[in-house]
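Reading through the structure tokens given below for one structure.
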Amino acid sequence: METLVLKKDKLKDFLKALGDVQLVAPVIDAGKTQFSEVADIDEAELNLDDYTAVTKKVMFPQTETMFAFRSTADGVAVEDAAQAQKTVVFGIRPCDAKSFVILDPLFTKDFDDPYYMKRREATVLIGHACVEPTNRCFCPSVSGSPSGTEGLDVLLTDIDDGYHVQVVTDKGKEALKGADSLLAKATDAQQKQKDAADKTSSDKIKRSVDLKKMHDLLPKAFELPEWKEMGNKCIGCGICTYNCPTCHCFDIQDEGTPYQGRRLRTWDACMFSEFTVHASGENPRHDRSARLRNRMMHKFSYYPRNLGFVSCVGCGRCIEMCPVNEDLIQILNTVREVCK
């Protein structure tokens, strides 16, 4: 697709030129970066150094109303909440964009989930290539890249002359129409700068994990005593799942009065002790080691068997943010070592 260049001092003008859309961009809140709707371009944090902010909630909100109801003189009125407005997400990382490619078949496998899919179709993803991958990134191990375009509509890469702008999809091309006057065609020299930046960022990734036949090794490792040792550290806080771009478990609840109310779904986590509790009180995953094992099995065995690829983008957030230093790579390495 087309490759262009945007001057860095024109970035705010570029964002304004995207038109009448809901703009979601990185903002600083209580000292941390998170992706939120931006009413004023000046609120956006354009120095994208914080890699911990996830964008999963743009397509899959932490809490969302599925439908609402209220009593009327004529009976019961039901309001369907599966709506979406045109949205542009600016500054998303390549790994996070790839996560939606992984989630898409899940939300469409048996039937289209209207809540997720309407947002997905209405959203344009403008990514920002990673300049300084963190020391826990391992995206190449899961077929990713700091400059990958999978799932993106547009990718911006820092170069000497500004931003190299790679238009990936027709949706991206359409979104940039209003910014035509701000964009110039990339020269050969600028393209070489972009290629050099891609290589430099890839070379900075030091961690890796061998996933060859891991989907077969994990079932063989199901009864290993090592799970107990690895699971003993876990405190069941769920930070790994809530900050994982591809974790998607949810609970559905009803709330209200006899006269009005709503059905909603909220994020849930397989690492929570009550996640698998039956109505009888029985819990087939009654300890943290069983829940940790299930999380690894799901991402690296069940998902590949059912959908053809692992449910991990190599962002390493679960490693960085775990308060007790559970390390996904070390866990998988242990499985391979014991089952080799």
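Every read-out reported here was derived from the displayed coordinates using simple, explicitly stated rules and does not represent laboratory data. These numbers come from a predicted model, not from an experiment. Reconstructed Cβ throughout: ideal geometry from the backbone, glycine too, with neighbour counts over all protein chains shown.
Across region 67-142, the convex hull enclosing all Cα atoms gives 132 Å³ per residue. Taken one residue at a time, the phi angles of region 318-323 give Karplus couplings (6.51, -1.76, 1.60, θ = phi - 60°) of 5, 6, 5, 9, 5, x Hz. Gly and Pro are set to x.
Per the Cα gyration tensor, region 1-114 maps to an equivalent ellipsoid with semi-axes of 32, 19, 15 Å, ordered largest to smallest. Amide H contacts of L183 (H built 1.01 Å from N, in plane; Pro and chain starts excluded): no residue 5 or more places away or on another chain comes under 5 Å. When the Cα atoms of region 3-203 are aligned to their principal axes, the ranges along those axes come out at 70, 39, 37 Å in descending order. What are the aspartates and glutamates whose alpha-carbon lies under 15 Å from the alpha-carbon of K32, with same-chain residues fewer than 8 places away excluded? List returned: E43, E45, D49, D50, E320.
Residues whose amide H comes within less than 5 Å of that of C249, counting only those at least five positions distant or on another chain, are D268 (H built at 1.01 Å from N in the peptide plane). Its Cα gyration tensor gives region 214-339 an equivalent ellipsoid. The semi-axes, each the square root of 5 times an eigenvalue, are 29, 16, 15 Å from largest down.
For region 136-285, the Kirkwood estimate of hydrodynamic radius, built from reciprocal distances between every pair of different alpha carbons, is 20.8 Å. Based on alpha-carbon atoms, the Kirkwood radius and the radius of gyration of the chain give Rg/Rh equal to 1.00. Summed over qualifying helices (DSSP H, 4 residues or more, each -39500 (n - 2.57)) and divided by its residue number, the chain shows a 222 nm mean residue ellipticity of -8500 deg cm²/dmol. Our Cα-only numbers for region 131-222 put the radius of gyration and Dmax at 17.4, 58 Å. Of all GluC sites (Glu not before Pro) in region 195-287, which ones are in loop regions per DSSP and have a Cβ with at most 13 other Cβ atoms within 10 Å? The qualifying sites are E223, E274, E282.
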